[in-house]
Amino acid sequence: MNKNKIFANLILAVHLILVLIILFGWHFPKIKYVYLATLIVTLLSELLFGYCLLTKWEFDFRKKSEPTLDYDYAFLSYYAHKVGIKISYRLIKYAALLFLVISLIIFYVRSPIYS
């Protein structure tokens, strides 16, 4: 396995961990600041660049190993497609933005640090 593929897989692992934090971090009070930071950085990345930076970096490395790789910067749509599920890039983008905003609102409303 070449170094570009290793870096891509490392970024994928970090990405999966961050996705788990975004989805379930609210349930673990000990990581509430990590959860909040992850939500904010992810939302800012989407708003400022139009994609997740980790996704871009991962596929920059993947394309160095596989120059013919066709990819549209939607992490979930790419991996879902690999297992036979078609999910539109727009659906993922807007659902992710909505989820991030609602998660931040809920965090703000329910968090004792703002009481």
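The values are calculated or read from the model by the stated rules, or taken from the named source; none is laboratory data. What you see is a predicted model; the values in this text were computed from it and never measured. Because the Cβ atoms are built from the backbone with ideal geometry, glycine has one as well, and the counts that use them run over all protein chains shown.
Some notes on this structure:
- Residues located in the stretch 1-19, provided they are surrounded by 12 or more Cβ atoms within 10 Å (Cβ to Cβ) and either touching a strand residue (DSSP E or B) at 6+ places or on another chain (Cβ under 8 Å) or of a type in the set (D, E, K, R) (or both): 5
- Taking each residue of the stretch 80-92 that is within 16 Å of residue 70 (Cα to Cα) and looking for partners that are part of a loop (DSSP other than H, G, I, E, B) with beta-carbon atoms closer than 6 Å, six or more apart or interchain, yields 80/87; 89/72; 89/74.
- Residue satisfying all of: in the stretch 56-79; among the hydrophobic types (A, V, I, L, M, F, W, C) and either loosely packed, with under 15 Cβ neighbours inside 10 Å or more than 21 Å from residue 38 (Cα to Cα) (or both); modelled with the lowest pLDDT among these: 69
- Residue identified as surrounded by 13 or more Cβ atoms within 10 Å (Cβ to Cβ) and of a type in the set (D, E, K, R) among 86, 30, 82, 93: 93
- Output for the stretch 23-76, where each listed residue is more than 23 Å from residue 89 (Cα to Cα) and in a loop (DSSP other than H, G, I, E, B): 28
- Scanning the stretch 96-110 for residues that are at pLDDT 85 or above, exposed (fewer than 14 other Cβ atoms within 10 Å of the Cβ) and farther than 16 Å from residue 45 by Cα gives 102, 105, 106, 108, 109.
- Members of the stretch 20-49 found to be within 19 Å of residue 106 (Cα to Cα) and either in contact (Cβ under 8 Å) with a residue 24 or more places away in the chain or touching a strand residue (DSSP E or B) at 6+ places or on another chain (Cβ under 6 Å) (or both), listed by number: 22, 26, 32, 35, 36, 39, 40, 42, 43
- For the condition modelled with pLDDT of 95 or more and surrounded by 16 or more Cβ atoms within 10 Å (Cβ to Cβ), residue 35 qualifies.
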